[in-house]
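Working notes for the structure below.
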Amino acid sequence: MSEQRTDALGGPVTRTYAAIELDAVRDSVTALVNRAGPAATMAVVKADGYGHGLLPCARAALDGGASWLGTAFLEEALALRAAGITVPVLCWLITPDEQADAAIAADIDLSASAPWALRQIAAAARRVGRRARVHLKADTGLGRAGATPADWPDLCDDAARLQAEGVIEAYGVWSHLAFADAPGHPTVQTQIGAFRDAVDLADKAGLTPTVRHLANSAATLVSPQAHFDLVRPGVSVYGLSPGPEVGPPARFGLRPAMTLVSHAALVKRVPAGTGVSYAHRYTTDQPTTLALVPLGYADGIPRAATNRGEVLFGGSRRRIAGTVCMDQFVLDVGDDQVSPGDEVILFGPGDRGEPTADDWAVVAGTINYEIVSRIGARVPRVYR
Ligand SMILES: *Cc1c(COP(=O)(O)O)cnc(C)c1O
């Protein structure tokens, strides 16, 4: 058993890994850039690049033609700068207790949805001795971040005052869509109209923002009227479709970048009537072979996939038998010949017959975003 085996990547067999095809990220971004043009493309790399790895994916996205990067949190944006990435970076979620100083010193653009946030950014800019670049966020109907239409004029006036003082530059005006993944949904047009109104009011307040941006992946792919000066695709950077109503990834030249691979940790024959895993939610109906896969909900395998999720193992699709545990789950392979150490593919682009992250999303009652971004820290990312 100590003989060195190699896995599908030609490397040493490891228990589990998420293979990240960086060419798929690069080429998916190029497809997005081509669709967005003449608008520029911001690749959203929040949440460790949707679970694919922040820095390798950021670099692959820039190779593919993205000219901006977007993050939710400050640490993510600062990590890009610490790695020597110099393109414009927008960070959009800072709380009142966070110091914006480091971000301003590192030339990171910041979002403001309220006057207090502008004051926080302005105070930091004064301390750092450097003008902060700000994107004013309007709530055009998502009902999440952003200033409501009632609060927008005050936000613009405050920004104009701070801009006149030279403390900030109102570089962008932006918003986010609620139903972009439902093409043709009436709110998309309504929000575009509300966004135009917000831009007009910003102009009236004396702001002349350089970039106006509204589109996420879905709008980048199917709502060109929402492109404005800059688009902000996230999930499609990683080759995934933003939703079944938008269409399969291949329609847009996207290729899913992550393949989640494990290896059977144990194989054993059991008699008919064997209860499998916690609470015996599965019972064998004949003498059969069980295989143990060393991945569980702590690694991001949804427990909701109990008795439902499928994997590719021993040349066939197999359904999970019984409860998904924290670190492991079981497959019932019947009389098929399998061995400990055999490869198990949980999901990937689908071209070897393996399920996709989309398939897992259906099984778990969620979206592909959650499947890939929750793959846990115990799973090493292997880049090709
Ligand atoms: C996450 C996020 C995006 C990217 O959304 P996708 O649907 O993954 O393309 C864009 N803008 C904002 C504000 C976000 O939070």
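The values are calculated or read from the model by the stated rules, or taken from the named source; none is laboratory data. Nothing here was measured: the structure is a model prediction, and the numbers come from that model. Backbone-built Cβ (ideal geometry, glycine too); neighbour counts: all protein chains shown.
Remark: G172 matches the filter, which requires a residue to be touching a His at 6+ places or on another chain (Cβ under 6 Å), surrounded by 15 or more Cβ atoms within 10 Å (Cβ to Cβ) and outside any helix (DSSP H, G or I). Report whether or not T259 is farther than 20 Å from A39 by Cβ, not in a strand (DSSP E or B) and not small (G, A, S). It is false that T259 is farther than 20 Å from A39 by Cβ, not in a strand (DSSP E or B) and not small (G, A, S). Scanning the range 37-63 for residues being within 12 Å of the ligand (Cβ to nearest atom) and either over 18 Å from Y383 (Cβ atoms) or among the basic types (K, R) (or both) gives a total of 4. Against the test of being under 19 Å from the mean Cα position of the chain (by Cα) and outside the structural domain of N216 (by TED's automatic domain parsing), the options T356, T283 yield a single qualifying residue, T356. Checking the range 183-193 against the condition returns a match, with at least one residue being out of contact with any Asp or Glu (no Cβ under 7 Å at 6 or more places or on another chain), of a type in the set (S, T, N, Q), in contact (Cβ under 8 Å) with a residue 12 or more places away in the chain and buried (at least 18 other Cβ atoms within 10 Å of the Cβ). Within the range 222-238, the set of residues being out of contact with any His (no Cβ under 9 Å at 6 or more places or on another chain), part of a helix (DSSP H, G or I) and near the ligand (Cβ under 9 Å from one of its atoms) comprises V235, S236. The set of residues in the range 188-221 that are within 13 Å of the ligand (Cβ to nearest atom) and assigned to a strand (DSSP E or B) comprises H213, L214, A215. Within the range 277-303, restricting attention to residues that are hydrophobic (A, V, I, L, M, F, W, C) and touching a strand residue (DSSP E or B) at 6+ places or on another chain (Cβ under 6 Å), the residue that is surrounded by the fewest Cβ atoms within 10 Å (Cβ to Cβ) is L292. Here R144 passes the criteria (1) buried (at least 22 other Cβ atoms within 10 Å of the Cβ); (2) under 25 Å from the mean Cα position of the chain (by Cα); (3) free of Cβ contacts under 8 Å to residues at least 40 places away in the same chain except the one numbered (1).
Residue-level check: of (1) buried (at least 20 other Cβ atoms within 10 Å of the Cβ); (2) β-branched (V, I, T); (3) not in a loop (DSSP other than H, G, I, E, B), V324 misses just (3).
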